[in-house]
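K.L.:
Please see the structure below; I have some questions.
The values are calculated or read from the model by the stated rules, or taken from the named source; none is laboratory data. Here the structure is a predicted model, which means the values were calculated and not measured. Please note: Cβ atoms are built from the backbone with ideal geometry, for glycine as well, and neighbour counts cover all protein chains shown. Remember, those area values only see protein heavy atoms, side chains included, never the ligands or the DNA or RNA. Shrake-Rupley method; radii C 1.70, N 1.55, O 1.52, S 1.80 Å.
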Amino acid sequence: MSRPTPGAPGHTDTPEPTDTPEPTGPAAVHDVIAVGCGPFNLGLAALASTVDGLDLVVLEETAELHWHRGMMFDEASMQVNFLADLVTLVAPTHPLSFLAYLHDRDRLYPFTVRENFFPSRVEYEDYLRWAAARLPSVRFSHRVLAVHRDPASGLFTAEVERADGARLRLAARHLVVGTGTAPHLPEALAALPAESLLHTAEFLHRGEDVDAAGHVTVVGSGQSGAEVVIDLLERNLAGGPAVSWLSRTPSFAPLDYTKLVLEMTTPDYMHYFHGLPEATRDRLLAEQWQLYKGVSTDALAAVHELLYRRQLRHGLRPVELRPGITVLTAGPDAGAGGTVLGCRHRDTGRTFDHRTDLVVAATGYRARTPGFLAALDPLIRRDAAGRPVVRADHSVALDAGGASETAAGRLFLAGTELHSHGASAPNLDIGAIRNATILNAVTGREVYRLPKSTAFTAFAPPPA
């Protein structure tokens, strides 16, 4: 893996002797600082690596790249095909494509013979790590503490702490925030003690707690919920805990992967969605949940197969699947121990108590505002719901703060602009398009040609 190099620009070789050293001044002004090294900012670094004269640095607080480790099941497959890698959809001949990775690993022919163009999640993480190791612009063990903006020049200054305690101060004309989303716990579950509750994001890290439970309840559906249920059903077949799957949705519904519906994840639809009124966008997102919250048909088939196999076995602990259930309350079960969930059946309105030992929250992720942006918060323009106003090029609308709007640097969001760009915003297959759009914006020229037509569907009405 790539590591910070002593003596490289923006580094100090020797930490200050005090416990909390003052940051050193920036030696140069970068064009772009990108914070966070997930797939989106890693893809930004990959595309930037072949743009002459562009100075971009990616800062990541962890020591190496990890991607969804708590859900890295051996059989888990990606939900997008290999073309939705870091670069291919805008630069198919790029040296950091997934095909280049397969060729370098001498797996191109086996991948072809496999005739399954959806990589496993384990393989995709290996691809990301392979790409990161080839990008000197990516600096691990660099934690961003705070970001400020100079009111006169519009430059962003980041205060950074390295793993060795050294403090740095890096400056850039533009800032890209790609720190991802955070696991979300609904209010009804949030008060449960840690020993009785886990989020799917940490499922594989809590294996001992799962094994010790006599009854495990998954609350919420989606792909992560289904994958956890598959694991629990396999444990159940081996004599493991009882399993319950409670979902608020009216059914355990599949992702809608029909061809014309998938056109609603294209850049064409994203541009159309961005131009709609805020209230319309919010209504459409609520209606389009099967574009990004459903379950793959393969996962649903695996659940059914495991349920079928249980019929041939005797003495197993019970399993139940209940859609249309809203969890209202959660707390300790004072009488029998464990946890009791207060639930309501949505069709009939009937309430009931559900008792279990361990709750797995398959309740998704939410956009988060990193603490290091606190100084910029007063400059961020917000919509009626308090969310950042995001332009079509994925930049946040900022008050100029003394600098002219054209001269001031821009703050970009990567992957958390669901409210402004629609259901495709968190998808991997839009990452290369967004990154090319950002690079075109910061360079002021078309360094990457964006596709002009990506859907057969016409989403807008005909001209008046």
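K.L.:
Test N435 against the stated conditions and say whether it is open to solvent by 10 Å² or more (accessible area, probe 1.4 Å) and touching a Leu at 6+ places or on another chain (Cβ under 9 Å).
P.N.:
Taking the combined requirement at face value, the residue does not satisfy it.
K.L.:
Turning to a different aspect of this structure: Would you be able to say whether some residue in segment 316-331 is over 18 Å from P250 (Cβ atoms), open to solvent by less than 50 Å² (accessible area, probe 1.4 Å), touching an Asp or Glu at 6+ places or on another chain (Cβ under 9 Å) and in a strand (DSSP E or B)?
P.N.:
No, every residue in segment 316-331 fails to be over 18 Å from P250 (Cβ atoms), open to solvent by less than 50 Å² (accessible area, probe 1.4 Å), touching an Asp or Glu at 6+ places or on another chain (Cβ under 9 Å) and in a strand (DSSP E or B).
Quick grid of which residues meet (1) part of a loop (DSSP other than H, G, I, E, B); (2) assigned by the TED database to the domain that holds L341; (3) within 29 Å of V390 (Cβ to Cβ); (4) not acidic (D, E):
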{"position": "S251", "(1), (2), (3), (4)": "yes, yes, no, yes"}
{"position": "L260", "(1), (2), (3), (4)": "no, no, yes, yes"}
{"position": "D268", "(1), (2), (3), (4)": "no, no, yes, no"}
{"position": "H271", "(1), (2), (3), (4)": "no, no, yes, yes"}
{"position": "L276", "(1), (2), (3), (4)": "yes, no, yes, yes"}
{"position": "R281", "(1), (2), (3), (4)": "no, no, yes, yes"}
{"position": "L285", "(1), (2), (3), (4)": "no, no, yes, yes"}
{"position": "D298", "(1), (2), (3), (4)": "no, yes, no, no"}
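K.L.:
Here's a follow-up. Tell me which of these V210 doesn't satisfy, since it passes every other one: (1) under 22 Å from the mean Cα position of the chain (by Cα); (2) under 17 Å from R317 (Cβ atoms); (3) assigned to a helix (DSSP H, G or I).
P.N.:
With (1) under 22 Å from the mean Cα position of the chain (by Cα); (2) under 17 Å from R317 (Cβ atoms); (3) assigned to a helix (DSSP H, G or I) applied to V210, the lone miss is (1).
K.L.:
Only one of E187, E202, E159, E195 is open to solvent by 40 Å² or more (accessible area, probe 1.4 Å) and under 21 Å from L379 (Cβ atoms). Can you tell me which?
P.N.:
Only one candidate passes the filter, namely E159.
K.L.:
Also: Please give the number of the condition V90 fails out of (1) surrounded by fewer than 16 Cβ atoms within 10 Å (Cβ to Cβ); (2) more than 23 Å from L376 (Cα to Cα).
P.N.:
Result: V90 fails condition (1) only.
K.L.:
Which number in (1) open to solvent by less than 70 Å² (accessible area, probe 1.4 Å); (2) farther than 27 Å from G349 by Cα marks the one condition that R309 misses?
P.N.:
Failed condition: (1).
K.L.:
Looking at L83, L65, can you tell me which residue is at pLDDT 95 or above, in a loop (DSSP other than H, G, I, E, B) and either in contact with a helix residue (DSSP H, G or I) (Cβ under 6 Å, 6 or more places away or on another chain) or surrounded by fewer than 17 Cβ atoms within 10 Å (Cβ to Cβ) (or both)?
P.N.:
Result of the check over L83, L65: L83.
K.L.:
Quick one: count up the residues across segment 98-112 that are more than 14 Å from T88 (Cβ to Cβ) and either of a type in the set (S, T, Y) or modelled with pLDDT under 95 (or both).
P.N.:
Number satisfying all stated conditions: 2.
K.L.:
For segment 256-299, name all the residues that are basic (K, R) and either open to solvent by less than 40 Å² (accessible area, probe 1.4 Å) or touching a strand residue (DSSP E or B) at 6+ places or on another chain (Cβ under 7 Å) (or both).
P.N.:
R281
K.L.:
Let me ask something additional. Out of G220, G214, report the one residue that is of a type outside the set (K, R) and more than 22 Å from L328 (Cβ to Cβ).
P.N.:
Matching residue, one of G220, G214: G214.
K.L.:
Please give the number of the condition G240 fails out of (1) over 23 Å from R366 (Cα atoms); (2) touching a Ser or Thr at 6+ places or on another chain (Cβ under 8 Å); (3) open to solvent by less than 20 Å² (accessible area, probe 1.4 Å).
P.N.:
The single condition G240 does not satisfy is (2).
K.L.:
Next question. Hey, A182 hits all of (1) surrounded by 16 or more Cβ atoms within 10 Å (Cβ to Cβ); (2) assigned to a strand (DSSP E or B) but one; which does it fall short on?
P.N.:
So A182 meets the others, but not (1).
K.L.:
Enumerate the strands (runs of 3 or more DSSP E) found wholly within segment 336-399, keeping only those where 3 or more residues are out of contact with any Cys (no Cβ under 8 Å at 6 or more places or on another chain) and either surrounded by 16 or more Cβ atoms within 10 Å (Cβ to Cβ) or touching a residue at least 24 places away in the same chain (Cβ under 8 Å) (or both).
P.N.:
It comes to 339-345, 358-361, 365-367.
K.L.:
Quick check on A76: is it in contact (Cβ under 8 Å) with a residue 60 or more places away in the chain, under 23 Å from I230 (Cβ atoms) and within 20 Å of the chain's Cα centre (by Cα)?
P.N.:
yes
K.L.:
Find all pairs meeting these conditions: Cβ atoms under 9 angstrom apart; at least six residues apart or on different chains; first residue within segment 120-133 and more than 13 Å from P95 (Cα to Cα); second residue modelled with pLDDT under 95 and part of a helix (DSSP H, G or I).
P.N.:
Filtered contacts from segment 120-133: R121/M71; Y124/L428; E125/R69.
K.L.:
Identify all residues within segment 106-143 that are over 20 Å from L59 (Cβ atoms), basic (K, R) and open to solvent by 80 Å² or more (accessible area, probe 1.4 Å); write none if there are none.
P.N.:
R114
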